[in-house]
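Asker: Got a structure here, written out as structure tokens. Questions coming.
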Amino acid sequence: MEPITAAFGLACIAAGGGAGFCLKKADERLTGVNEMTVVLQQAQAAHFTHLNNEISTLQGQVQQMTDLVTALRATNPEMHGAIMAHEIITALENAQSDDHSIVTQAMSAMESLVSSISLDSNVGDENLLTTTSASLLGRLLAAFDSRNISATTLGLSPVAAHRLGHASLLLARFDWAESSFGLAYQSSPGNANILEALEHIALLKGDDEVRRHWLEARMTVHPDQPDLLRSHAHLLAKLGDAEAERDVRRLEALGVDTAADRSLLSGLRARAGSRSEALEAIEQALAADPNQAPDWLSYAQLLNEEGETGKAHQAVERCLELDRQSGEAWGLLAQLLAPHGNRSKEALKAATHAVALDAGGTDLVFLKSDLQFTEGKISDAEQTLEKALLKDPANAELRARMASRKLIAGEHEVAQKLLDETPFGIDHALLHVVEGRLHLVLCDRARDGTGQTDATLLANAVSAFEGALKLNRELGVAWLGLARTKRLLKDLEGATEDINRAMRLLPDSDPSASIEAALLAVEMGDLPAASKHIDAADVHGNAATVAYVRGNIAVGEGRFQDALDHFNTTLQTEPNHIRARLNRCSTFLVLNEPTKALKDSQILIDLAPHLMLAFLRRSESLRHLGEWAQALNDLKFVLETSPHHHQALTSLAECYVKLERPERAETPLNEAIRLQPNYARAWYQRGMMYLHIGRNEIALDDFQAAVRCDGRHLDSRLKIAAIHHQAERFEDAETAWLAVLAQEPDHNIARTRLGDCQAHMVKL
């Protein structure tokens with residue numbers, strides 16, 4: 001056999017063997033599947049048999065429960081009513097429309113749920129309904145709410161409404177309780193239980209006026225019931241009604257007044273301004289019961305108001321013996337101790353307790369901070385305020401007062417940051433006031449050489465103060481700020497109206513209104529009135545500002561040395577007082593003390609780098625000292641910011657002339673005259689420029705223009721006379737020298753030259 005044939009045969013044998021093996025295995029697997037199918041069928045049959053048995057058992061149990069429920073409903077009407085109510089409520093909750101029959105059934109179910117409630121039930125009794133009934137009634141009321149069905153639209157009977165009122169009160173459904181009792185009241189307006197319930201609802205809702213109505217209705221039924229009289233007295237006291245005292249007096253007449261009643265009477269008399277009667281009442285209360293800490297606190301407060309600080313201290317100490325957690329008592333103790341420098345440590349301890357107990361509000365926080373500062377704990381003082389604000393960032397008053405303090409200290413950026421970080425939605429009149437003051441402070445640091453204040457900043461200030469007044473029309477400090485702003489805007493009539501209102505609203509002890517009134521009077525040229533107002537302010541302190549205003553008055557009266565003394569007084573206390581230093585600088589220049597003026601102008605520039613008026617004062621001081629080049633640099637700086645500043649342009653030209661550069665002087669002088677044709681000094685300086693280059697006749701025209709602008713411009717009159725005299729126009733010169741002497745009779749040169757003119761005219 002050939003090899004190929006043999007190989008083929010072996011391959012066939014192998015293939016046949018493999019196929020047979022596969023067929024055998026498949027048969028075995030098929031047999032296994034058949035056997036498994038039989039097993040599964042047997043197991044399924046067993047499962048279904050078990051399941052049927054379980055279902056039969058469960059059906060039996062359900063039938064037993066149904067029979068039990070049926071038996072219970074037959075023997076227990078309350079259970080029957082609850083189940084019926086549940087069924088009806090479920091139907092009402094699932095109903096797609098307001099089926100009248102379902103609503104009627106639901107109302108019947110509701111009446112069934114509350115039927116056990118007595119009409120004489122105690123108001124607020126928590127045991128009027130079972131847990132099940134309460135739950136069902138809550139569901140029912142919710143279903144009615146979803147369909148806008150109320151007690152008034154249901155058509156309840158007065159009895160059902162009365163019961164539903166009690167049940168609704170139990171569920172804290174004050175809307176249903178109030179309307180239900182209201183329906184019951186219509187049929188029984190004198191029912192004491194209904195009136196009590198309606199008053200109780202108003203109390204829970206915090207509606208004092210409505211509560212007062214129902215309380216007084218109860219008092220018509222029981223006019224001499226002590227509890228009602230006390231409740232009425234406390235409510236009226238809370239509302240600020242002086243009639244509260246009548247109730248306490250009635251209790252006294254009935255002979256049932258207590259120590260607490262006399263304590264209340266004391267508070268009422270104190271509020272009415274009758275502190276002596278208040279003291280008498282609280283002393284009676286303490287005699288009856290000396291262990292009431294609140295009464296000792298009230299007693300201490302009254303004594304403090306009467307100026308009897310020693311007795312007040314003893315009373316507040318007694319209060320703290322009875323109640324160490326009385327924050328108000330700690331606060332009062334701190335206030336009593338603070339004025340005594342040798343007891344600042346004790347005061348600080350008391351203030352710390354008060355703040356920790358959240359008593360005294362913002363005033364105590366600041367008192368604690370001030371006491372820490374007094375003790376040299378500067379960092380702690382700052383932290384006290386910062387922690388208080390961190391704890392209560394929405395405390396607008398605290399934030400405003402902190403910003404105000406930073407503003408006074410010259411930390412303007414910090415003040416602005418405090419305002420900017422006010423939480424969204426928080427608004428307070430004092431925040432607007434501080435914002436307005438901040439704009440005014442910035443105004444002081446941004447005035448130009450004319451004394452004019454930035455119009456945008458002033459407009460922002462007006463907006464801020466008006467914003468404060470929208471929130472509180474009786475805020476005196478806002479009217480004060482608005483008055484000052486209008487004064488700077490030259491709205492003197494409006495400023496007068498506002499300052500008068502501020503003076504009516506601010507306490508007499510606050511000198512700020514009188515100070516502003518004095519400044520306004522100075523602005524209006526009424527110096528006697530200004531003196532009167534500042535004398536009134538001087539009574540209540542603030543010596544630095546008072547001295548500043550007195551300095552302004554002295555300047556207005558030409559008493560420059562006195563003015564200088566007053567400005568010195570201000571700056572000794574407040575070295576950063578911008579206006580006082582600026583005015584002292586100007587006064588130094590008037591008194592021909594340019595070196596001192598130069599020093600003040602430099603300090604001003606350091607304090608307020610954007611105050612152009614400070615640069616102008618420095619340039620003027622430098623010109624007086626003959627430092628023309630340095631003065632020129634300051635004027636150029638001013639003109640970079642304010643290129644149309646006619647005063648700076650005029651002074652710039654003067655510097656060019658003095659520096660022997662008259663060719664550069666004409667352009668700025670022409671511009672100054674164009675900007676301000678009535679500015680005498682610009683005409684005069686141009687005349688000096690022309691005189692410098694030998695154009696005397698043209699210079700004469702400018703000097704004459706200066707006199708037309710200002711008849712009191714003596715330097716121009718002198719130049720006019722001198723030019724005529726030099727040109728030997730002796731008649732014109734005579735007239736000009738006479739004009740000089742009319743203005744200044746003791747002018748020796750004018751008198752001498754006049755004599756020369758007259759002598760020449762005689763020769764002719």
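Asker: Taking the Cα-to-Cβ direction at Thr374 and at Glu731 and moving 7 Å from each Cα, how far apart do the two end points lie in nm?
Answerer: My value for the distance between the label points is 8.3 nm.
Asker: Using a Förster distance of 45 angstrom, determine the FRET efficiency expected from the C-beta separation of His234 and Asp427, and round it to 0.05.
Answerer: 0.90
Asker: Determine the gain in length on full extension of the stretch Asp535-Lys391; use 0.36 nm per residue of separation and subtract their C-alpha separation, reporting nm with one decimal.
Answerer: 47.5 nm
Asker: Over the stretch 76-208, what relative contact order in percent results from Cα pairs under 8 Å that are six or more residues apart?
Answerer: Relative contact order here is 24 percent.
Asker: Here's another thing I want to ask about it. Order of 149-156, 478-485 by packing, highest average Cβ count within 10 Å first? Provide the component values of the computation, followed by the final result.
Answerer: Values: 149-156: 16.5, 478-485: 27.1.
For the peptides 149-156, 478-485, the packing ranking is 478-485, 149-156.
Asker: If you don't mind, another one. What ranking do His540, His353, His533 get, fewest neighbouring Cβ atoms within 10 angstrom at the top?
Answerer: Lowest to highest Cβ neighbour count: His540, His353, His533.
Asker: Continuing with this model, one more query. In a shell of Cβ-Cβ distance under 14 Å around Lys406, excluding Lys406 itself, what net charge do Lys and Arg (+1) and Asp and Glu (-1) give?
Answerer: Working: positive: Arg399, Arg401, Arg405, Lys417, Arg437; negative: Glu382, Glu386, Glu411, Glu413, Asp420, Glu421, Glu435.
Counting the neighbours of Lys406, the net charge comes to -2.
Asker: Same structure again: Which values of log₁₀ I(q)/I(0), to two decimal places, follow from the Debye formula for the stretch 474-603 at q = 0.09, 0.11, 0.14 Å⁻¹ with a uniform point scatterer at every Cα?
Answerer: Log10 I(q)/I(0), no solvent term: -0.26, -0.39, -0.61.
Asker: Relative contact order of the stretch 712-764: what whole-number percent is it, with Cα pairs under 8 angstrom and at least 6 residues apart? Could you put the intermediate results ahead of the total?
Answerer: Details: 49 pairs, mean separation 17.9, N = 53.
In percent, rounded to a whole number, it is 34.
Asker: Quick one: compute the contact order of the stretch 393-506, relative version, from alpha carbon pairs under 8 angstrom and 6+ residues apart, as a percent. Intermediate values should be presented prior to the final figure.
Answerer: Values: 150 pairs, mean separation 23.1, N = 114.
Computed over the stretch 393-506, the figure is 20 percent.
Asker: I need Leu203, Leu279 ordered by Cβ neighbour count within 10 Å, fewest first.
Answerer: Details: Leu203 16, Leu279 20.
By the 10 Å Cβ count, ascending: Leu203, Leu279.
Asker: Compare the peptides 377-385, 433-441, 161-169, 416-424 by average per-residue count of other Cβ atoms within 10 angstrom and give them in order, highest first.
Answerer: Descending mean neighbour count gives 161-169, 433-441, 377-385, 416-424.
Asker: Running Debye on the stretch 712-764 with equal point scatterers at the Cα sites and no solvent, what base-10 log of I(q)/I(0) appears at q = 0.16, 0.24, 0.31 Å⁻¹?
Answerer: So the normalised log intensities are -0.37, -0.81, -1.24.
Asker: Among Arg623, Arg405, which comes first, second and so on when ranked by fewest other beta-carbon atoms within 10 Å?
Answerer: Result, fewest neighbours first: Arg405, Arg623.
Asker: Among all the aspartates and glutamates, which ones have a C-alpha under 20 Å from Lys377's C-alpha, if same-chain residues fewer than 8 places away are not counted?
Answerer: Partners found: Glu346, Asp363, Glu386, Glu411.
Asker: At a Förster radius of 60 Å, what calculated FRET efficiency corresponds to the Cβ-Cβ distance of Val159 and Thr309, to the nearest 0.05?
Answerer: 0.40
Asker: Could you tell me the center-to-center distance, by alpha carbons, between the stretch 471-545 and the stretch 345-388 in angstrom?
Answerer: Measuring centre to centre over Cα atoms gives 32 Å.
Asker: Would you please put 139-147, 104-112 in order of how densely packed they are, using the mean number of other Cβ atoms within 10 angstrom per residue and starting with the highest?
Answerer: Descending packing order for the listed peptides: 104-112, 139-147.
Asker: Along Cα→Cβ, 7 Å out, is where each label goes; now give me the distance between the ones at Ile605 and Glu216 in nm to one decimal.
Answerer: 7.3 nm
Asker: Within the stretch 655-733, list the GluC sites (Glu not before Pro) lying in a DSSP loop whose Cβ has at most 12 other Cβ atoms in a 10 Å radius.
Answerer: In loop regions of the stretch 655-733 (DSSP not H, G, I, E or B), the sparsely surrounded GluC sites (Glu not before Pro) are Glu660, Glu728.
Asker: Structure shown: which of Lys349/Lys406; Lys406/Lys486; Lys391/Lys470; Lys599/Lys658; Lys349/Lys387; Lys658/Lys719 lie over 20 Å apart, alpha-carbon to alpha-carbon?
Answerer: Lys349/Lys406; Lys406/Lys486; Lys391/Lys470; Lys599/Lys658
Asker: Please list, by residue number, every one of the GluC sites (Glu not before Pro) in the stretch 463-510 that is coil in DSSP and has at most 16 other beta-carbon atoms within 10 Å. Let's see the in-between values first.
Answerer: Values: sites: Glu466, Glu474, Glu493, Glu497; in loops: Glu474.
Hits after loop and neighbour filter: Glu474.
Asker: In the stretch 292-372, what is the volume of the convex hull around the alpha carbon atoms, normalised per residue and reported in Å³? Write down the numbers at each step before the final one.
Answerer: On the way: hull volume 6.3 nm³, N = 81.
It comes to 78 Å³ per residue, whole-number rounded.
Throughout, read-outs are computed from the coordinates displayed, never taken from laboratory work. If you're wondering where the values come from, they're calculated on a predicted model, not measured in any experiment. Glycine gets a Cβ as well: all are built from the backbone with ideal geometry, and neighbour counts include every protein chain shown.
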